[in-house]
Structures are given as C-alpha cells and as structure tokens.
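Have a look at the structure below, then the notes.
The values are calculated or read from the model by the stated rules, or taken from the named source; none is laboratory data. What you see is a predicted model, and the numbers here were worked out from it, not measured in a lab. Don't worry about glycine lacking a Cβ; one is built from the backbone with ideal geometry, like all the others, and counts go over all protein chains shown.
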Amino acid sequence: MLDIQKFIGSPKVVVHVIDNLTTRFEVQFLPRWFGHTLWNGLRRAVLWYSAWWSITGIKIKWVAHEYHVIDWIKESVLDIMSNFKQLRFKVDENIEQSQWISVRCKWKWVFTSSDLKLPTWVTLLNEWVPLMEIAEWSTEFAWEIRLEKWYGYYSMDFLRAREEKKDDTDVNIMLIDNDFKAVEYITYSVDEVIDDFSGGSKDKLVLEIKTISEKITAQEILSFAWEVVSSYARLFIFDDAYIDASLLVDYYDIVEKQEKAIEHANIKTIPIDALPLSERTRNALIKNEILYVEDLEKKRKSELLTMKWIWKKAVDEIIESLSNMWKTLEW
C-alpha cells in the first residue's frame, strides 16, 4: 500500500446484507482514484471468471431438434432450452469432466427446477425456476442434460466446432450456448471524501452484488475474483527490479500502529490535579470519581451539571481550564 494509508488509516471493508441475495460492501478508505482502479479489474473478474456448473446440452426423448413440437407440453422446445439455460449447479469438487444426468417427469402440471431429481453429488443453486407446463397428467417426460464447469461464455459456434471434432458425435444433442456466472448483477459507486482538517481527499468504494441463489454468498464471489486478479498482478513483480520502498507500507504495520494509538488513547496519564482549578471544584470532581483529565474529556456539560457538588460556575471553570491545555468537554 502507499504510505498515504498511514494518514487515512488502514482500509476497512464494511459488509451490509441487504437481503438473502444482495450484499453491499463499503471499502473505507482508499487513496484518491484507487476506487476506480480497483473496481475496473474486479468487475471483469466477477462477471467473466465466476466459474460454476451450467447446462450446455440437452437430449429429449422423441425430440430430434429444437424446432420439434411436443403436443402435450405448453412451451416450445426452444423455450424449454432457454429455461434450462438459467440453471446453475454445484458439483462434487472431485468431479472435473462434463456429466450427463437423466431426468424424468410424470404427472406434474407445472414443472420447476426444484422438481429435478438430481444425484447426491449435484446441488441445484437456483430453485423454483419454471421449466415447462405439462398438459396431460398421464404423460411421462424424459430427457438428459449435460453439466459443464468453466468460466466466460460458450457460444454456439464453439460448441458445434467441439462436437464436430469428436469421434462419437451424438446427433440427438441439442446444444445450449451458456455462461457460467452465478451473479445477477454487480454495481459500484466511488465517493470522494474530503478531509476537513488536511483538505485532502480519499475514496470510498461501494460495491453491491446480487447472486442468483442463497446458496452462494457474495463473499465467495469476491474472494475468488480477487484471487484471480492478484495472481496475475504478482507476475509483474520482478526480482531484479528496483522498487522505491519508501513510498510503500505494509497493511499489518498500519493496523498495528492504529491499535497502539487506540490503546494509548485509553491510557489515563494526566491526573485531575494538573488542571488549574479551585480547591472546591477539584474536590467535587474527585468525589464524583473523576480522577483524570481523560475522564473529564469524556463528560458532557449537561452531564456535569447533574452531578452533586458541581454547579454552573464550576463547569465554566472546568471548560476554561481545559481550553488552556487545548482540550474540551465532549459535545
């Protein structure tokens, strides 16, 4: 980090959970312009390198192509494929290759993603997505779906070219172009915060992420995205390159310095006798167990007036004595 962080403090991430799907992150504070710099790389990583399992192919019993009409199903085959395209899955981490899963449906009026009978090693992420409406109760509907895990986007041209290279191409497969992200949207704003004392400015970065499922947290999405970005950033740290370390500071050094400052601020070092007060006012403070100037600074004027043996004249004397030491009561 730049040494400016020694003055604006270590950056902190404040997490606000808006609802089951939406989370807001506030990064407080960054050097000026760093909000935009970090955001640009993060957004691309979240939207492009979010890798989950999606459906890239489907085989339906008695259906040869996507323009086939199924009499006892309300939706067209293209609509069914479009509905399946929305689904995302978690699969056992030991499985890496694409997987075909057989699914059957019988005596179900409106068939949703929650009605899918999946193997134990597959977890559906987005439930209750309408898939189709079956018009005849006695009809059994069978199909197979192909699950794949990757990132980015599989176009139809890519899928067709890949199928053509296979020796055992299945002509019954209807390909589904798809992406693999589990984020519905990610938005941001960068607010410039002006320091009233120094006149300098710093950035507050606000991110809002909405996932497609309660089973995925925005923290998971962000952590993986930053891991991708940081892994490539480390490529440009060359061993033989000169780095002006005087401009840099370690994050943990800043945190340690802040913790020491807070600890020091809590130490009571100035006894109440150091204030030029009258004997009567000083004794009144001691009787109310105010033994140090640090204790006195935490009191409000109205709070002092409610204490025994302390009157308005004594409070005025206290305020004047504190001002001589460049201190004040709490407002």
Filter the range 282-331 for residues that are among the β-branched types (Val, Ile, Thr) and in contact with a Leu (Cβ under 9 Å, 6 or more places away or on another chain); the one that is nearest to ILE270 (Cα to Cα) is VAL293
Wholly enclosed strands (runs of 3 or more DSSP E) of the range 103-143 bearing at least 1 residues among the β-branched types (Val, Ile, Thr): 110-112, 122-124
Mind checking which pairs have a first residue in the range 221-249 that is closer than 20 Å to TRP39 by Cβ and a second that is outside any loop (DSSP other than H, G, I, E, B) and of a type outside the set (A, V, I, L, M, F, W, C), Cβ under 6 Å, 6 or more apart or different chains? VAL229/GLY41
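For LYS12, state whether it is among the charged types (D, E, K, R) and within 30 Å of TRP137 (Cα to Cα).
no
What do you reckon, is GLU256 under 33 Å from the mean Cα position of the chain (by Cα), of a type in the set (D, E, K, R) and either closer than 30 Å to GLU317 by Cβ or at pLDDT 85 or above (or both)? Break it down stepwise before answering.
Working: under 33 Å from the mean Cα position of the chain (by Cα): yes; of a type in the set (D, E, K, R): yes; either closer than 30 Å to GLU317 by Cβ or at pLDDT 85 or above (or both): no.
No; evaluated as a whole, the condition is false for this residue.
Residue-by-condition table, conditions (1) assigned to a strand (DSSP E or B); (2) hydrophobic (A, V, I, L, M, F, W, C):
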{"residue": "ASP157", "(1), (2)": "no, no"}
{"residue": "ASP170", "(1), (2)": "no, no"}
{"residue": "GLU184", "(1), (2)": "yes, no"}
{"residue": "TYR188", "(1), (2)": "yes, no"}
{"residue": "GLU192", "(1), (2)": "yes, no"}
{"residue": "LYS202", "(1), (2)": "yes, no"}
{"residue": "VAL206", "(1), (2)": "yes, yes"}
{"residue": "SER213", "(1), (2)": "no, no"}
Which of the residues that make up the range 1-47 are part of a helix (DSSP H, G or I), of a type in the set (S, T, N, Q) and within 19 Å of the chain's Cα centre (by Cα)? THR37, ASN40
Go through the residues of the range 209-219 one by one and say whether even a single one is under 22 Å from TYR153 (Cα atoms), free of Cβ contacts under 8 Å to residues at least 24 places away in the same chain, β-branched (Val, Ile, Thr) and touching an Asp or Glu at 6+ places or on another chain (Cβ under 6 Å). no
Within the bounds of the range 154-167, is there any residue that is surrounded by 13 or more Cβ atoms within 10 Å (Cβ to Cβ), under 29 Å from the mean Cα position of the chain (by Cα) and aliphatic (A, V, I, L, M)? no
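Starting from residues that are among the small types (Gly, Ala, Ser) and under 20 Å from the mean Cα position of the chain (by Cα), keep the ones in the range 48-63 and report whichever is nearest to LEU205 (Cα to Cα). Working first, answer last.
Residues of the range 48-63 that are among the small types (Gly, Ala, Ser), as a first pass: 50-51, 54, 57.
Filter once more, so that each one left must be under 20 Å from the mean Cα position of the chain (by Cα): 50-51.
On the way: SER50: 21, ALA51: 25 Å.
Top of the filtered list is SER50.
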Do we find that TYR154 is outside the structural domain of ILE58 (by TED's automatic domain parsing) and among the aromatic types (Phe, Trp, Tyr) in this structure? no
Per the list (1) within 30 Å of GLU133 (Cβ to Cβ); (2) modelled with pLDDT of 90 or more, residue check on ARG24 breaks on (1)
Residues in the range 19-73 that are within 25 Å of PHE89 (Cβ to Cβ), exposed (fewer than 15 other Cβ atoms within 10 Å of the Cβ) and either in the same structural domain as THR123 (by TED's automatic domain parsing) or in contact (Cβ under 8 Å) with a residue 12 or more places away in the chain (or both) total 2
Kindly indicate whether any position in the range 44-55 is of a type in the set (D, E, K, R) and touching a strand residue (DSSP E or B) at 6+ places or on another chain (Cβ under 9 Å). no
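To keep it simple, each residue is scored yes or no on (1) touching a Pro at 6+ places or on another chain (Cβ under 7 Å); (2) modelled with pLDDT of 90 or more.
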| residue | (1), (2) |
| --- | --- |
| VAL103 | no, no |
| THR112 | yes, yes |
| THR120 | no, yes |
| ASN126 | no, yes |
| TYR154 | no, yes |
| THR169 | no, no |
| ASN172 | no, no |
| ASP177 | no, yes |
| GLU184 | no, yes |
